[in-house]
Amino acid sequence: MKRMTNLIAVVAVLAAITGCKKKESTPTTGSAGSAATGSSGTGSAAEPVGTRPSQLPQTPLEKLVLPDDPKRKEKVELGHALFFDKRLSGANDRSCYSCHQNEDGLGGHDPLAIGSGDKKLTRHSPVLWNVGYWKGAFYWDGRAKTLEDNVKGAWGGGNMGAGPAPAGTPPTPPAPEKVTEALDKKAAELAKIPGYKKLFDAAFPGTPVKAEQVQSALAEYMRTIVCADTAFDKYAAGDKSALTEQQQRGLDLFLSPAKGNCIMCHAPPTFSTAMMIDGGAFFNVGIGTKDVPEDKVDVGRMKVTNNPADWAAFKVPSLRNVTKSPPYFHDGSVAKLEDAVKLMASGGIPNKNKFPQLDDRKLSDAELADLIAFLGALECPGKLEEPKLP
(Lines give C-alpha, C1' and ligand atoms only; values in the text may rest on other atoms or scores of the structure.)
Protein backbone atom coordinates (compact mmCIF):
# COMPACT_ATOMS: atom_id res chain seq x y z
CA MET A 1 0.00 0.00 0.00
CA LYS A 2 2.79 2.41 0.92
CA ARG A 3 4.63 1.71 -2.32
CA MET A 4 1.44 2.38 -4.28
CA THR A 5 0.92 5.66 -2.38
CA ASN A 6 4.45 6.74 -3.32
CA LEU A 7 3.85 5.87 -6.96
CA ILE A 8 0.52 7.70 -7.10
CA ALA A 9 2.15 10.81 -5.61
CA VAL A 10 4.99 10.66 -8.14
CA VAL A 11 2.61 10.20 -11.07
CA ALA A 12 0.56 13.18 -9.86
CA VAL A 13 3.68 15.35 -9.77
CA LEU A 14 4.76 14.22 -13.23
CA ALA A 15 1.29 14.83 -14.63
CA ALA A 16 1.35 18.37 -13.28
CA ILE A 17 4.78 19.01 -14.78
CA THR A 18 4.14 17.48 -18.20
CA GLY A 19 0.66 18.93 -18.40
CA CYS A 20 2.06 22.37 -17.75
CA LYS A 21 4.72 21.87 -20.41
CA LYS A 22 2.19 20.73 -22.98
CA LYS A 23 0.05 23.77 -22.31
CA GLU A 24 3.03 26.12 -22.48
CA SER A 25 4.39 24.57 -25.66
CA THR A 26 1.36 25.04 -27.91
CA PRO A 27 2.87 26.26 -31.22
CA THR A 28 2.16 29.86 -32.17
CA THR A 29 3.58 31.72 -35.14
CA GLY A 30 6.70 33.64 -34.19
CA SER A 31 6.65 32.48 -30.55
CA ALA A 32 9.79 32.07 -28.44
CA GLY A 33 8.95 28.38 -28.13
CA SER A 34 8.90 27.98 -31.91
CA ALA A 35 12.25 29.70 -32.20
CA ALA A 36 13.72 27.41 -29.58
CA THR A 37 12.48 24.24 -31.24
CA GLY A 38 13.71 25.44 -34.57
CA SER A 39 17.26 25.63 -33.18
CA SER A 40 17.50 21.85 -32.90
CA GLY A 41 18.97 19.82 -35.70
CA THR A 42 18.85 16.30 -34.32
CA GLY A 43 15.20 15.28 -34.70
CA SER A 44 14.32 12.89 -37.53
CA ALA A 45 12.79 14.30 -40.69
CA ALA A 46 9.53 12.54 -39.86
CA GLU A 47 9.18 14.29 -36.52
CA PRO A 48 7.28 17.58 -36.35
CA VAL A 49 9.19 20.51 -34.92
CA GLY A 50 8.87 20.65 -31.14
CA THR A 51 8.72 16.94 -30.35
CA ARG A 52 12.12 16.84 -28.62
CA PRO A 53 11.48 17.14 -24.86
CA SER A 54 14.54 19.34 -24.46
CA GLN A 55 13.06 21.94 -26.80
CA LEU A 56 9.87 22.37 -24.80
CA PRO A 57 9.74 25.09 -22.11
CA GLN A 58 11.42 23.87 -18.95
CA THR A 59 10.07 24.62 -15.48
CA PRO A 60 12.28 27.03 -13.52
CA LEU A 61 13.13 26.41 -9.87
CA GLU A 62 10.83 28.44 -7.65
CA LYS A 63 12.34 30.62 -4.96
CA LEU A 64 12.25 29.06 -1.51
CA VAL A 65 9.35 30.72 0.33
CA LEU A 66 9.88 31.26 4.06
CA PRO A 67 7.68 32.88 6.69
CA ASP A 68 8.47 36.46 7.66
CA ASP A 69 11.11 36.71 10.35
CA PRO A 70 12.60 40.13 11.20
CA LYS A 71 15.60 38.39 12.78
CA ARG A 72 16.36 35.98 9.95
CA LYS A 73 19.49 37.86 8.85
CA GLU A 74 20.93 37.71 12.35
CA LYS A 75 20.01 34.03 12.72
CA VAL A 76 21.72 33.23 9.41
CA GLU A 77 24.87 35.04 10.55
CA LEU A 78 24.90 33.05 13.79
CA GLY A 79 24.13 29.79 12.00
CA HIS A 80 26.92 30.44 9.48
CA ALA A 81 29.47 30.60 12.30
CA LEU A 82 28.06 27.56 14.08
CA PHE A 83 28.07 25.49 10.87
CA PHE A 84 31.86 25.80 10.61
CA ASP A 85 32.70 25.58 14.32
CA LYS A 86 34.14 22.31 15.66
CA ARG A 87 33.44 23.51 19.20
CA LEU A 88 29.81 22.60 18.55
CA SER A 89 30.70 18.89 18.67
CA GLY A 90 31.10 16.79 21.76
CA ALA A 91 34.87 16.33 21.36
CA ASN A 92 35.55 19.65 19.58
CA ASP A 93 36.64 17.64 16.53
CA ARG A 94 33.78 17.93 14.02
CA SER A 95 31.76 20.75 12.53
CA CYS A 96 28.76 20.45 10.23
CA TYR A 97 31.09 21.48 7.42
CA SER A 98 33.39 18.52 8.17
CA CYS A 99 30.90 16.21 6.41
CA HIS A 100 29.74 18.64 3.72
CA GLN A 101 32.78 20.34 2.22
CA ASN A 102 33.08 22.34 -0.99
CA GLU A 103 35.60 19.96 -2.52
CA ASP A 104 33.11 17.12 -2.15
CA GLY A 105 30.21 19.02 -3.71
CA LEU A 106 28.73 19.56 -0.20
CA GLY A 107 28.29 15.81 0.14
CA GLY A 108 30.36 13.24 2.00
CA HIS A 109 33.99 12.54 1.15
CA ASP A 110 33.93 8.99 2.52
CA PRO A 111 31.50 6.24 1.49
CA LEU A 112 30.18 6.18 5.07
CA ALA A 113 30.20 9.34 7.17
CA ILE A 114 32.90 9.69 9.82
CA GLY A 115 31.51 11.13 13.02
CA SER A 116 32.97 12.65 16.16
CA GLY A 117 35.77 10.55 17.58
CA ASP A 118 36.49 9.18 14.08
CA LYS A 119 33.62 6.72 14.40
CA LYS A 120 32.34 5.31 11.12
CA LEU A 121 28.58 5.85 10.79
CA THR A 122 26.08 3.77 8.84
CA ARG A 123 25.23 5.99 5.86
CA HIS A 124 26.78 8.39 3.38
CA SER A 125 26.56 12.15 4.02
CA PRO A 126 24.07 13.59 1.50
CA VAL A 127 24.60 16.71 -0.59
CA LEU A 128 23.29 19.83 1.17
CA TRP A 129 22.47 21.99 -1.86
CA ASN A 130 18.78 23.00 -1.66
CA VAL A 131 18.30 21.13 1.62
CA GLY A 132 15.63 23.68 2.57
CA TYR A 133 13.40 22.47 -0.28
CA TRP A 134 12.65 19.10 1.31
CA LYS A 135 9.08 18.85 2.60
CA GLY A 136 8.70 17.01 5.88
CA ALA A 137 11.31 14.36 5.07
CA PHE A 138 14.94 14.77 6.12
CA TYR A 139 17.69 12.14 6.27
CA TRP A 140 17.88 9.25 3.79
CA ASP A 141 14.96 7.56 5.55
CA GLY A 142 12.87 10.71 6.09
CA ARG A 143 12.75 10.26 9.86
CA ALA A 144 13.06 13.99 10.64
CA LYS A 145 10.07 16.13 9.70
CA THR A 146 11.84 19.52 9.89
CA LEU A 147 15.31 20.82 9.15
CA GLU A 148 15.57 21.81 12.81
CA ASP A 149 14.90 18.18 13.79
CA ASN A 150 17.56 17.09 11.31
CA VAL A 151 20.05 19.50 12.88
CA LYS A 152 19.26 18.19 16.36
CA GLY A 153 19.70 14.59 15.25
CA ALA A 154 23.09 15.22 13.65
CA TRP A 155 24.29 17.45 16.50
CA GLY A 156 23.21 15.15 19.31
CA GLY A 157 23.91 11.89 17.51
CA GLY A 158 26.99 10.17 16.15
CA ASN A 159 27.74 12.83 13.54
CA MET A 160 28.86 15.45 16.06
CA GLY A 161 28.54 13.54 19.31
CA ALA A 162 27.29 16.39 21.48
CA GLY A 163 24.55 14.27 23.05
CA PRO A 164 24.92 11.52 25.67
CA ALA A 165 26.50 8.28 24.50
CA PRO A 166 24.23 5.30 23.71
CA ALA A 167 24.04 2.71 26.47
CA GLY A 168 23.29 -0.98 26.84
CA THR A 169 24.08 -4.02 24.73
CA PRO A 170 23.31 -3.61 21.91
CA PRO A 171 23.61 0.20 22.16
CA THR A 172 20.28 1.84 22.87
CA PRO A 173 19.67 5.51 22.06
CA PRO A 174 19.45 7.85 25.04
CA ALA A 175 16.09 9.27 26.09
CA PRO A 176 15.10 12.40 24.14
CA GLU A 177 15.07 14.54 27.28
CA LYS A 178 18.66 13.49 28.02
CA VAL A 179 19.72 14.54 24.52
CA THR A 180 18.04 17.92 24.92
CA GLU A 181 19.67 18.38 28.32
CA ALA A 182 23.15 17.70 26.90
CA LEU A 183 22.60 20.01 23.92
CA ASP A 184 21.25 22.78 26.15
CA LYS A 185 24.48 22.54 28.13
CA LYS A 186 26.63 22.75 24.98
CA ALA A 187 24.62 25.74 23.73
CA ALA A 188 25.10 27.55 27.04
CA GLU A 189 28.86 26.94 26.86
CA LEU A 190 29.05 28.50 23.41
CA ALA A 191 26.93 31.47 24.48
CA LYS A 192 29.53 32.36 27.12
CA ILE A 193 32.12 33.06 24.42
CA PRO A 194 32.02 36.88 23.97
CA GLY A 195 31.74 36.75 20.18
CA TYR A 196 28.95 34.21 20.31
CA LYS A 197 27.14 36.09 23.08
CA LYS A 198 26.93 39.06 20.74
CA LEU A 199 25.58 36.90 17.90
CA PHE A 200 23.01 35.14 20.11
CA ASP A 201 21.83 38.47 21.59
CA ALA A 202 21.33 39.87 18.09
CA ALA A 203 19.47 36.81 16.76
CA PHE A 204 17.45 35.97 19.88
CA PRO A 205 17.25 39.12 22.01
CA GLY A 206 16.16 38.52 25.59
CA THR A 207 16.02 34.74 25.11
CA PRO A 208 18.03 32.30 27.26
CA VAL A 209 20.34 30.33 24.98
CA LYS A 210 19.41 26.68 24.69
CA ALA A 211 19.64 23.97 22.05
CA GLU A 212 16.52 25.29 20.34
CA GLN A 213 18.26 28.54 19.40
CA VAL A 214 21.28 26.73 17.98
CA GLN A 215 19.05 24.44 15.91
CA SER A 216 17.03 27.38 14.61
CA ALA A 217 20.12 29.38 13.60
CA LEU A 218 21.77 26.43 11.87
CA ALA A 219 18.57 25.58 9.98
CA GLU A 220 18.17 29.19 8.81
CA TYR A 221 21.75 29.25 7.52
CA MET A 222 21.29 25.91 5.76
CA ARG A 223 18.21 27.27 3.98
CA THR A 224 20.53 29.77 2.29
CA ILE A 225 22.50 26.92 0.69
CA VAL A 226 20.62 27.21 -2.60
CA CYS A 227 21.67 26.04 -6.04
CA ALA A 228 19.54 27.80 -8.65
CA ASP A 229 22.08 29.03 -11.20
CA THR A 230 23.22 25.92 -13.03
CA ALA A 231 23.52 25.75 -16.80
CA PHE A 232 20.13 24.00 -16.79
CA ASP A 233 18.57 26.90 -14.86
CA LYS A 234 19.90 29.34 -17.44
CA TYR A 235 18.53 27.12 -20.20
CA ALA A 236 15.14 26.96 -18.48
CA ALA A 237 15.16 30.77 -18.24
CA GLY A 238 15.49 31.01 -22.02
CA ASP A 239 19.23 30.93 -22.75
CA LYS A 240 19.31 28.11 -25.29
CA SER A 241 23.09 28.39 -25.61
CA ALA A 242 23.50 27.33 -21.96
CA LEU A 243 23.38 23.63 -22.89
CA THR A 244 25.54 22.03 -25.56
CA GLU A 245 23.90 19.91 -28.22
CA GLN A 246 25.09 16.77 -26.44
CA GLN A 247 23.58 18.02 -23.17
CA GLN A 248 20.29 18.70 -24.95
CA ARG A 249 20.32 15.15 -26.31
CA GLY A 250 20.95 13.98 -22.75
CA LEU A 251 18.00 16.05 -21.55
CA ASP A 252 15.85 14.40 -24.23
CA LEU A 253 16.76 11.00 -22.80
CA PHE A 254 16.31 12.20 -19.24
CA LEU A 255 12.77 13.49 -19.86
CA SER A 256 11.51 10.80 -22.24
CA PRO A 257 9.36 8.06 -20.58
CA ALA A 258 10.19 5.84 -23.56
CA LYS A 259 13.96 6.23 -23.17
CA GLY A 260 15.76 7.16 -19.96
CA ASN A 261 12.63 7.92 -17.92
CA CYS A 262 14.86 9.55 -15.28
CA ILE A 263 11.99 11.97 -14.74
CA MET A 264 10.12 9.28 -12.80
CA CYS A 265 12.36 9.80 -9.77
CA HIS A 266 14.34 12.94 -10.64
CA ALA A 267 11.87 15.37 -12.15
CA PRO A 268 13.16 18.89 -12.81
CA PRO A 269 13.54 21.55 -11.59
CA THR A 270 14.43 20.05 -8.19
CA PHE A 271 15.73 16.85 -9.83
CA SER A 272 14.23 14.82 -7.00
CA THR A 273 10.56 13.98 -7.30
CA ALA A 274 10.67 13.30 -3.56
CA MET A 275 11.50 16.97 -3.01
CA MET A 276 8.16 17.92 -4.57
CA ILE A 277 6.01 15.69 -2.34
CA ASP A 278 5.05 16.36 1.27
CA GLY A 279 6.64 13.61 3.32
CA GLY A 280 8.99 12.64 0.48
CA ALA A 281 9.03 9.53 -1.70
CA PHE A 282 11.10 6.43 -1.01
CA PHE A 283 12.11 3.67 -3.40
CA ASN A 284 14.12 0.48 -3.32
CA VAL A 285 16.62 0.37 -6.20
CA GLY A 286 18.58 -2.52 -4.72
CA ILE A 287 21.55 -0.64 -3.31
CA GLY A 288 22.93 -2.46 -0.27
CA THR A 289 21.04 -5.71 -0.89
CA LYS A 290 23.33 -7.69 -3.22
CA ASP A 291 25.11 -10.59 -1.53
CA VAL A 292 24.05 -9.28 1.88
CA PRO A 293 22.13 -11.52 4.32
CA GLU A 294 18.60 -10.19 4.67
CA ASP A 295 19.00 -9.58 8.39
CA LYS A 296 22.07 -7.41 7.68
CA VAL A 297 20.46 -5.16 5.07
CA ASP A 298 19.88 -1.52 5.99
CA VAL A 299 16.06 -1.48 5.92
CA GLY A 300 15.91 2.28 5.30
CA ARG A 301 12.41 3.75 5.37
CA MET A 302 11.00 0.61 6.98
CA LYS A 303 12.84 1.51 10.20
CA VAL A 304 10.63 4.62 10.37
CA THR A 305 7.30 3.18 9.23
CA ASN A 306 7.59 -0.50 10.25
CA ASN A 307 5.92 -1.23 6.92
CA PRO A 308 7.42 -4.21 5.03
CA ALA A 309 6.63 -2.43 1.75
CA ASP A 310 9.32 0.12 2.72
CA TRP A 311 12.06 -2.49 3.16
CA ALA A 312 15.40 -1.12 1.90
CA ALA A 313 13.69 1.94 0.39
CA PHE A 314 15.41 5.32 0.57
CA LYS A 315 14.58 8.90 -0.29
CA VAL A 316 15.40 9.98 -3.84
CA PRO A 317 18.33 12.42 -3.73
CA SER A 318 18.49 15.50 -5.92
CA LEU A 319 20.85 15.27 -8.88
CA ARG A 320 21.97 18.87 -8.58
CA ASN A 321 25.79 18.90 -8.29
CA VAL A 322 25.86 15.12 -8.79
CA THR A 323 28.99 15.27 -10.97
CA LYS A 324 30.93 16.89 -8.12
CA SER A 325 29.74 14.72 -5.24
CA PRO A 326 30.94 11.12 -5.49
CA PRO A 327 30.61 8.51 -4.07
CA TYR A 328 26.94 7.77 -4.64
CA PHE A 329 23.82 6.30 -2.98
CA HIS A 330 22.94 6.03 0.70
CA ASP A 331 25.88 3.75 1.42
CA GLY A 332 28.43 5.48 -0.82
CA SER A 333 28.99 2.15 -2.54
CA VAL A 334 29.43 3.44 -6.10
CA ALA A 335 32.54 5.53 -6.66
CA LYS A 336 32.05 6.71 -10.24
CA LEU A 337 29.16 8.64 -11.78
CA GLU A 338 29.37 6.56 -14.96
CA ASP A 339 28.80 3.40 -12.95
CA ALA A 340 25.93 4.95 -10.98
CA VAL A 341 24.16 6.08 -14.16
CA LYS A 342 24.67 2.71 -15.86
CA LEU A 343 23.36 0.86 -12.80
CA MET A 344 20.17 2.92 -12.69
CA ALA A 345 19.64 2.84 -16.45
CA SER A 346 19.92 -0.95 -16.39
CA GLY A 347 17.15 -1.26 -13.82
CA GLY A 348 18.94 -1.30 -10.47
CA ILE A 349 19.76 -4.40 -8.43
CA PRO A 350 17.14 -7.20 -8.24
CA ASN A 351 15.79 -7.95 -4.78
CA LYS A 352 12.50 -8.87 -3.11
CA ASN A 353 11.25 -5.28 -2.90
CA LYS A 354 12.69 -3.48 -5.92
CA PHE A 355 10.63 -0.54 -7.24
CA PRO A 356 8.59 -2.20 -10.05
CA GLN A 357 8.77 0.76 -12.43
CA LEU A 358 12.57 0.54 -12.49
CA ASP A 359 13.63 -1.50 -15.52
CA ASP A 360 16.41 -1.81 -18.07
CA ARG A 361 16.17 1.18 -20.42
CA LYS A 362 18.57 -0.51 -22.89
CA LEU A 363 20.55 2.65 -23.51
CA SER A 364 23.57 2.55 -25.79
CA ASP A 365 27.01 3.71 -24.68
CA ALA A 366 26.49 6.88 -26.70
CA GLU A 367 23.16 7.54 -24.97
CA LEU A 368 24.70 6.96 -21.55
CA ALA A 369 27.42 9.46 -22.47
CA ASP A 370 24.76 12.00 -23.46
CA LEU A 371 22.96 11.50 -20.14
CA ILE A 372 26.17 12.05 -18.19
CA ALA A 373 26.92 15.15 -20.24
CA PHE A 374 23.50 16.53 -19.29
CA LEU A 375 24.17 15.87 -15.59
CA GLY A 376 27.16 18.19 -15.99
CA ALA A 377 24.62 20.95 -16.64
CA LEU A 378 23.41 20.53 -13.04
CA GLU A 379 26.70 21.58 -11.47
CA CYS A 380 26.29 24.22 -8.76
CA PRO A 381 28.80 27.04 -9.30
CA GLY A 382 28.62 28.41 -5.75
CA LYS A 383 30.52 27.39 -2.63
CA LEU A 384 30.30 27.92 1.11
CA GLU A 385 32.49 30.65 2.53
CA GLU A 386 34.17 29.99 5.87
CA PRO A 387 33.54 32.87 8.29
CA LYS A 388 35.84 34.21 10.96
CA LEU A 389 34.75 32.35 14.08
CA PRO A 390 34.08 34.10 17.40
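The values are calculated or read from the model by the stated rules, or taken from the named source; none is laboratory data. Nothing here was measured: the structure is a model prediction, and the numbers come from that model. When we count neighbours, we look across all protein chains shown, and the Cβ atoms used for this are built from the backbone with ideal geometry, even at glycine. Calculation scope for accessible area: heavy atoms of the full protein, side chains included, ligands and nucleic acids excluded. Shrake-Rupley method; radii C 1.70, N 1.55, O 1.52, S 1.80 Å.
In segment 70-84, the residue that is surrounded by the most Cβ atoms within 10 Å (Cβ to Cβ) out of those that are under 25 Å from the mean Cα position of the chain (by Cα) and either within 24 Å of Gly107 (Cβ to Cβ) or without any contact (Cβ under 8 Å) to a residue 12 or more places away in the chain (or both) is Leu82. With respect to the conditions (1) open to solvent by 20 Å² or more (accessible area, probe 1.4 Å); (2) part of a helix (DSSP H, G or I); (3) closer than 19 Å to Ala340 by Cβ, Arg249 falls short on a single one, namely (3). Residue count for segment 268-312, restricted to those that are free of Cβ contacts under 8 Å to residues at least 60 places away in the same chain and either among the polar types (S, T, N, Q) or open to solvent by less than 10 Å² (accessible area, probe 1.4 Å) (or both): 3.
Do we find a residue being part of a helix (DSSP H, G or I) and of a type in the set (A, V, I, L, M, F, W, C) anywhere in segment 155-176? The answer is yes, given that some residue of segment 155-176 is part of a helix (DSSP H, G or I) and of a type in the set (A, V, I, L, M, F, W, C).
Residues that are modelled with pLDDT of 95 or more, farther than 30 Å from Asn307 by Cα and among the hydrophobic types (A, V, I, L, M, F, W, C): does segment 138-151 have at least one? No, the conditions are met nowhere in segment 138-151.
Residues in segment 162-182 include none that are open to solvent by less than 40 Å² (accessible area, probe 1.4 Å) and under 18 Å from His80 (Cα atoms).
Every residue, every condition in (1) within 16 Å of Ser89 (Cβ to Cβ); (2) open to solvent by 20 Å² or more (accessible area, probe 1.4 Å); (3) part of a loop (DSSP other than H, G, I, E, B), yes or no:
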{"residue": "Leu112", "(1), (2), (3)": "no, yes, yes"}
{"residue": "Thr122", "(1), (2), (3)": "no, yes, yes"}
{"residue": "Lys135", "(1), (2), (3)": "no, yes, yes"}
{"residue": "Gly142", "(1), (2), (3)": "no, no, yes"}
{"residue": "Asp149", "(1), (2), (3)": "no, yes, no"}
{"residue": "Lys186", "(1), (2), (3)": "yes, yes, no"}
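The numbered conditions (1) assigned to a loop (DSSP other than H, G, I, E, B); (2) open to solvent by 70 Å² or more (accessible area, probe 1.4 Å) are all true for Arg87 except (1). Tell me which residues, restricted to segment 183-204, are without any contact (Cβ under 8 Å) to a residue 40 or more places away in the chain and aliphatic (A, V, I, L, M). Result: Leu183, Ala187, Ala188, Ala191. The one condition from (1) part of a loop (DSSP other than H, G, I, E, B); (2) open to solvent by 40 Å² or more (accessible area, probe 1.4 Å); (3) touching a Leu at 6+ places or on another chain (Cβ under 8 Å) that Met344 does not meet is (1).
Scanning segment 360-390 for residues that are in a loop (DSSP other than H, G, I, E, B) and either of a type in the set (Lys, Arg) or within 23 Å of the chain's Cα centre (by Cα) (or both) returns Arg361, Lys362, Glu379, Cys380, Pro381, Gly382, Lys383, Leu384, Glu385, Glu386, Lys388. Of the set (1) free of Cβ contacts under 8 Å to residues at least 40 places away in the same chain; (2) open to solvent by 60 Å² or more (accessible area, probe 1.4 Å); (3) under 17 Å from Asp110 (Cα atoms), all apply to Ser333 but (1). It is to be established whether one or more residues within segment 254-265 are open to solvent by 10 Å² or more (accessible area, probe 1.4 Å), in a helix (DSSP H, G or I) and among the hydroxyl-bearing types (Ser, Thr, Tyr). The answer is no, given that none of the residues of segment 254-265 is open to solvent by 10 Å² or more (accessible area, probe 1.4 Å), in a helix (DSSP H, G or I) and among the hydroxyl-bearing types (Ser, Thr, Tyr).
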